[in-house]
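Participant: Dumping the structure here so I can ask a few things about it.
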Amino acid sequence: MRSALYGPAGFYARGEPPALHFRTSVHTSARYGELFSCLLSAVDRALGHPARLDLVDVGAGRGELIGQVLAAASGELARRIAAQAVEITPRPAGLDPRIRWCSSPPARITGLVIASEWLDNIPLDVAELTRAGPRLVLVEPATGDERHGSAPSQPDLAWLRSWWPLGELGERAEIGRPRCEAWAGVIRRISRGVAVAADYGHTKAARPPWGTLTGYLAGRVVPAVPDGSRDITAHVALDACAAAGRTAGAGATLLTTQREVLRALGIAGRRPALALADTDPRRYVHELCLATEEADLIDAGGLGGFGWLVQAVGMELPAVLRRRRCQCRWAGVVPAPAVTTRKPVSLCRRCRRVTVPVPLAPVTA
Ligand SMILES: C[S@@+](CC[C@H](N)C(=O)[O-])C[C@H]1O[C@@H](n2cnc3c(N)ncnc32)[C@H](O)[C@@H]1O
C-alpha cells in the first residue's frame, strides 16, 4: 500500500488530485468548511484568543478545506491565524499565499488540527487467520494476486490482540498500528488545542470480518490492486486511534459520527417551505440546493456515517460540540445553534428557558 500510494510512481506521489477520483465532504458542500471555521472560532474562544492561532490541515489534498476555513475568518481573528497544510503532494497553484505548505506538522501547535480523510490513506498491512495463526497477506502489485507471508511483527500481533482479534479461519484484520502512531504523533505536537479526525471508521464492537480495503479510480470503486494507478484506502479503527491519542496526551475525547456533530452545529438538511417558491423562486432554489448538500453531509448511510474523533489537549472540548436540550415538557426538542451566528442558541424555542448541554451520542467501542 505504501509504494502504491507514496512510492516513486505512487498514486499520491504523482500528485493525483483526490477530487478527480472520489468525493469527500469538502467537495460535497462549502458548509463543511463553514463548520470548521465555526469550530476554529470556538477553539479560539476557549484558548482565550492567543496571539498566534494555529490552523493545521493534515492530509490537505489540494488545500480546499483549509482555504475555505481561512477565507471564512475575518478581522483580527484572520490576522492571528497561522495556517499550515501538511501534504506530501506538491503545493497547488493559486493557493492562498497565507497558507504554508509543508510535509510535516509544526512542532508545537496551539489551535485546531483537522485530519479529514487522512488516516484512511495511511498505509497498513493486512493479516489473515490461517491454521498456523495470523499471517500477513502479500499482494502481487501488477495483478493483485495474493498469498500468505510471514507472521505479523510482535507489536502488530499485540495491536491485533487489543483492537482486532481474529476469530475464525479466513477472517482478515487491517493492522491499524501505523494510523494510531500517526495520530498520536499529531496529538503530541499540540500544546493546547483540539484535533479532529473525520473518516470512515469502525470500532471494536463491529469490525468488518474481511476488512475494508478498497480502490478508487476516476470516480469508481475498483479492486484494491496496489499498482499505483488508483487510490487505496481502508476504514479506520478510530477507537484504537482515540486510545493512542489519550496516551499521547489528549485529555478529553469525543468519538461520534459526522451526522451527530453536524446536527449539533445546526445542520438540518431541511427543505425550504414550498411557499417560498412562489414568493422568491431564486431564493427557494438556492435554499433547496443548500438543503440537498447538507442532507448529503449528514446522510447516516453516507458521509454522515463517518466517524469523528475529536480530542482536546490542555483544554476542554469546545461547548459547540454539545447539543443543548431543554428540560421543559418539550424535552425532545433540540434547539440547533445557528452556525453563521457563531453564538450558540441557549434558550428553548418553545418555553424560552435556558437549555442544558447534553453529550453527543458516542460511538460505542
Ligand atoms: C483522501 S485524501 C483527503 C484530502 C482532503 N483532506 C479531503 O478531505 O478532500 C488524503 C490525503 O492525505 C495525504 N497524505 C497521506 N499521508 C500523508 C502524510 N503522511 N503526510 C501528509 N499528507 C499525507 C495524501 O497525499 C492525500 O492528499
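Readers should treat all values here as calculations from the given coordinates under stated rules, not as data from a laboratory. Given the structure is predicted, the values throughout are model-derived calculations rather than measurements. Glycine gets a Cβ as well: all are built from the backbone with ideal geometry, and neighbour counts include every protein chain shown.
Participant: Ala82's amide H: which non-local residues (gap 5+, or another chain) put their own amide H closer than 5 Å, with H modeled 1.01 Å from N in plane and none for Pro or chain starts?
Facilitator: Leu53, Asp54, Leu55
Participant: Within a Cβ distance under 12 Å of Ala107, other residues only, what is the Lys/Arg minus Asp/Glu net charge?
Facilitator: +2
Participant: Using Cα-Cα distances under 8 Å and only pairs 6 or more residues apart, what relative contact order does the chain have, in percent?
Facilitator: Once divided by the residue count of the chain, the mean separation gives 17 percent.
Participant: Another one. What's the angle, to the nearest 10 degrees (0 to 90), between helix 154-163's Cα axis and the longest principal axis of the chain?
Facilitator: Taking the Cα atoms of the chain, the angle to 154-163 is about 40 degrees.
Participant: Taking only Cα atoms, what is the 0 to 90° angle, nearest 10, from helix 30-46's long axis to the longest principal axis of the chain?
Facilitator: That works out to roughly 80 degrees.
Participant: Let me ask something else about it. Can you give the local net charge around Leu119? Use residues other than it whose beta-carbon is closer than 13 angstrom to its beta-carbon, Lys and Arg +1, Asp and Glu -1.
Facilitator: After counting each charged neighbour, the total is -4.
Participant: Using DSSP to define loop residues, name the trypsin sites (Lys or Arg not before Pro) in segment 120-188 whose beta-carbon has at most 15 other beta-carbon atoms within 10 Å.
Facilitator: Answer by residue number: Arg131.
Participant: Where does helix 238-247 land angle-wise versus the long Cα axis of the chain, in degrees 0 to 90, nearest 10?
Facilitator: So the helix axis and the longest Cα principal axis differ by about 80 degrees.
Participant: Let me ask you something else. So how much slack lies between Ala206 and Glu76, counting 0.36 nm per residue of separation and subtracting their Cα-Cα distance, in nm?
Facilitator: Extending this stretch completely gives an extra 42.3 nm.
Participant: Loop sites only, by DSSP: take the chymotrypsin sites (Phe, Trp or Tyr not before Pro) in the chain that have at most 15 other C-beta atoms within 10 Å and name the longest stretch containing none of them.
Facilitator: In the chain, the maximal stretch lacking such sites is 1-209.
Participant: Another question about this same structure. Calculated FRET efficiency, Val285 and Arg147, Cβ-Cβ r, R0 45 Å, to nearest 0.05?
Facilitator: 0.20
Participant: Further question: Subtract the Cα-Cα distance of Gln154 and Arg91 from 0.36 nm times their separation in residues, and report this length gain in nm to one decimal.
Facilitator: 18.9 nm
Participant: What does the charge count around Leu157 come to, taking other residues whose C-beta lies under 13 Å from its C-beta (Lys +1, Arg +1, Asp -1, Glu -1)?
Facilitator: +1
Participant: Per DSSP helix of 4 or more residues, -39500 (n - 2.57); summed, then divided by the residues of the chain. What does that give at 222 nm, rounded to the nearest 500?
Facilitator: Dividing the helical sum by the residues of the chain leaves -8000 deg cm²/dmol.
Participant: Which loop trypsin sites (Lys or Arg not before Pro) in segment 220-301, with loop taken from DSSP, have no more than 14 other Cβ atoms within 10 angstrom of their Cβ?
Facilitator: Loop-located and lightly packed - Arg270.
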